[in-house]
Amino acid sequence: QLGFCGVDRRCDGHQQSAERDHEHEQEYHREKSKLHNRSLHGFGIVSGLKVTTDKGQILIEPGLALDCAGNELLVSERQSILISAIKVDCHTTYLGVRYAEENFGPVVAGTNETAIIAESFRLEFTRENCNGGHRHQRARWLACGEPHALTIAKLKLGSQGWRVERGYRPPAIR
């Protein structure tokens, strides 16, 4: 749902602080961009994010994806996870990338909030495919609008350790 977050000065003449106006304007444009991504592109991997295993590590190549909420998931550098970090009690796990916001910079005077919020991501292992139950229509994956992880790989535990399941195909945006 889109709308101006707060009082629209153009309509009713109420004044708000310039800082609040700026925050509302940013929120409006973020939500509009997310709606565009969900409605026109769906969700999935735009480019990159190939997952491999090598010498006790899971490697994720840089890339870009959209999650079901319309957030952009930008992995700008190669990621490496020690295979020993997989803490699951089953022989199959899914690797997902989830949208996150990171606070940094100085704390705003009189508040408990930082002045700068950067868009980021988190990698996580789950028992279930977060993309399961989503529909594919007219060559694109339909976004559900919920902010869950985007599953980018399925990993299986075999006699020689964890490996990427080659048969799994993550959703892609073409």
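Annotations for the structure displayed:
- Selection of region 70-86 for residues being polar (S, T, N, Q) and either open to solvent by 50 Å² or more (accessible area, probe 1.4 Å) or in a strand (DSSP E or B) (or both) yields Ser76, Gln79, Ser80, Ser84.
- Residue match in region 56-69 (condition: open to solvent by 90 Å² or more (accessible area, probe 1.4 Å) and either small (Gly, Ala, Ser) or at pLDDT below 90 (or both)): no
- Qualifying residue in region 129-137 (condition: assigned to a strand (DSSP E or B) and loosely packed, with under 14 Cβ neighbours inside 10 Å): yes
- Cβ separations smaller than 8 Å between residues 6+ apart or across chains give the following pairs from region 122-145 residues that are under 21 Å from Leu35 (Cα atoms) and modelled with pLDDT under 90 to residues that are open to solvent by less than 50 Å² (accessible area, probe 1.4 Å) and of a type in the set (S, T, N, Q): Asn131/Thr151; Trp141/Asn131; Ala143/Asn37.
- Top-ranked residue in region 87-99 [being open to solvent by 100 Å² or more (accessible area, probe 1.4 Å) and touching a strand residue (DSSP E or B) at 6+ places or on another chain (Cβ under 8 Å); ranked as farthest from Arg169 (Cα to Cα)]: Lys87
- Contact annotation: residue pairs with Cβ atoms under 9 Å, 6 or more positions apart or on different chains, pairing a residue in region 87-98 that is at pLDDT below 80 and of a type in the set (Lys, Arg) with a partner that is part of a strand (DSSP E or B) and open to solvent by less than 60 Å² (accessible area, probe 1.4 Å), are Lys87/Phe125.
- Qualifying residue in region 100-107 (condition: loosely packed, with under 15 Cβ neighbours inside 10 Å, assigned to a loop (DSSP other than H, G, I, E, B), modelled with pLDDT under 90 and more than 19 Å from the chain's Cα centre (by Cα)): no
- Selection within region 138-154 - out of contact with any Leu (no Cβ under 6 Å at 6 or more places or on another chain), in a strand (DSSP E or B) and not polar (S, T, N, Q): Arg140, Trp141, Leu150, Lys154
- Taking residues in region 150-174 that are under 17 Å from Phe125 (Cα atoms), and partners anywhere that are open to solvent by 60 Å² or more (accessible area, probe 1.4 Å) and part of a loop (DSSP other than H, G, I, E, B), the pairs with Cβ atoms closer than 7 Å and at least 6 places apart or on different chains are Lys156/His91; Leu157/His91.
- Candidate set: region 30-55, residues that are open to solvent by less than 40 Å² (accessible area, probe 1.4 Å) and modelled with pLDDT of 90 or more; chosen: the one nearest to Lys156 (Cα to Cα): Val51
- The residue of region 138-165 that is least open to solvent (accessible area, probe 1.4 Å), among those that are basic (Lys, Arg) and in contact with a strand residue (DSSP E or B) (Cβ under 9 Å, 6 or more places away or on another chain), is Lys154.
The values are calculated or read from the model by the stated rules, or taken from the named source; none is laboratory data. Nothing here was measured: the structure is a model prediction, and the numbers come from that model. Ideal geometry is used to build each Cβ from the backbone, glycine not excepted, and the neighbour counts take in all protein chains shown. For the accessible areas, the whole protein counts, side chains as well, though only heavy atoms, and no ligand, DNA or RNA atoms are used. Shrake-Rupley method; radii C 1.70, N 1.55, O 1.52, S 1.80 Å.
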